[in-house]
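The values are calculated or read from the model by the stated rules, or taken from the named source; none is laboratory data. These numbers come from a predicted model, not from an experiment. A quick note on method: Cβ atoms are made from the backbone with ideal geometry, for glycine too, and the neighbour counts reach across all protein chains shown.
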Amino acid sequence: MAVTVSLPILPRLFYAPRSVFSDLAQAQPSAPSVFFKLAIWLLVLPPLFAFFGSINFGWNLGADEPVRLSPGAMVAVSAAYFFTLVFGFITSAVVSRWMASTYGASENLGLHFSMLALVGAPLLLGSAIHLYPHAFVNLLVLAPALLWSMYLLYTGLPIALGINPQRGMLMASALIGYLLVASVSLLGLTVVLWGQGIGPEMGI
């Protein structure tokens, strides 16, 4: 069955997610096709929204005045944000494929690219809230988006990769564990580098 994994598939993800993953399970999408037709367009959204939001308003972290960066610094931060998302997406798909042999799931890399792109779509689309970069407001919007992404992961992974729900739950949990460790490690590395003076200077 020919299923095109591209941007037009996204609306169905919100009102008929199971059918999307069922169609995906019958397809054999290639990883490059999924990356260039869907993933990269989603991954560019958070840095783009963050750039325009920061330039116009600055980040409000709860202090009296917002934190502002120069346009040049924001270009560098947004570019780093984008390449970090791309690196994280690709490595997560590779790790998911590596896990697949343990749980008896499909090892088609294109399926893993597709699944992760669709699972991450609510968070990436929800990043539109970066246009108003207030930490508390962003948390209010992105927390439900994260919950929806987790629902899609636990629901869609077993369907897309062709395993039973029990194994799907275990694999999804293992994948979340990897993502949490990777996120905390990245955050720690960022704090260390910024503490050593490697990073843009902030202004108020």
Query - Looking only at segment 52-63, and only at residues there that are over 12 Å from Ser78 (Cβ atoms) and small (Gly, Ala, Ser), the one that is surrounded by the most Cβ atoms within 10 Å (Cβ to Cβ) - result: Gly58
Query raised in the report: touching a Gly at 6+ places or on another chain (Cβ under 6 Å), touching a residue at least 12 places away in the same chain (Cβ under 8 Å), over 21 Å from Pro17 (Cβ atoms) and of a type outside the set (Asp, Glu): does that describe Leu131?
Result: yes
Query raised in the report: Of these, Leu43, Leu48, which one is modelled with pLDDT of 90 or more, of a type outside the set (S, T, N, Q) and under 17 Å from Val94 (Cβ atoms)?
Result: Leu43
Query raised in the report: Can you list the helices (runs of 4 or more DSSP H) found entirely within segment 1-51 that contain at least 3 residues being buried (at least 16 other Cβ atoms within 10 Å of the Cβ) and among the aliphatic types (A, V, I, L, M)?
Result: 17-26
Requested in this report: Could you give me the residue pairs with C-beta distances under 7 Å whose first residue belongs to segment 31-59 and is without any contact (Cβ under 8 Å) to a residue 24 or more places away in the chain, whose second residue is in a helix (DSSP H, G or I) and surrounded by 19 or more Cβ atoms within 10 Å (Cβ to Cβ) wherever it lies, and which are 6+ apart or on separate chains?
Outcome: Ile55/Met74
Query raised in the report: Could you give every pair whose Cβ atoms fall below 9 Å, whose first residue belongs to segment 75-92 and is under 15 Å from Phe49 (Cα atoms), and whose second residue is buried (at least 17 other Cβ atoms within 10 Å of the Cβ) and of a type in the set (Ser, Thr, Tyr), counting only separations of at least 6 or pairs across chains?
Result: Val77/Ser54; Ser78/Ser54
Requested in this report: Check off (1) at pLDDT 90 or above; (2) farther than 19 Å from Leu13 by Cα; (3) surrounded by 13 or more Cβ atoms within 10 Å (Cβ to Cβ); (4) not polar (S, T, N, Q) for Val141 and give me the number that stays unchecked.
Outcome: (2)
Query raised in the report: For segment 83-93, does any single residue satisfy the condition of being modelled with pLDDT of 90 or more, surrounded by 18 or more Cβ atoms within 10 Å (Cβ to Cβ), within 22 Å of Pro32 (Cβ to Cβ) and of a type in the set (S, T, N, Q)?
Result: yes
**Report entry** Where Ser78 falls short, out of the listed (1) surrounded by 15 or more Cβ atoms within 10 Å (Cβ to Cβ); (2) within 20 Å of the chain's Cα centre (by Cα); (3) closer than 30 Å to Tyr154 by Cα
**Finding:** (3)
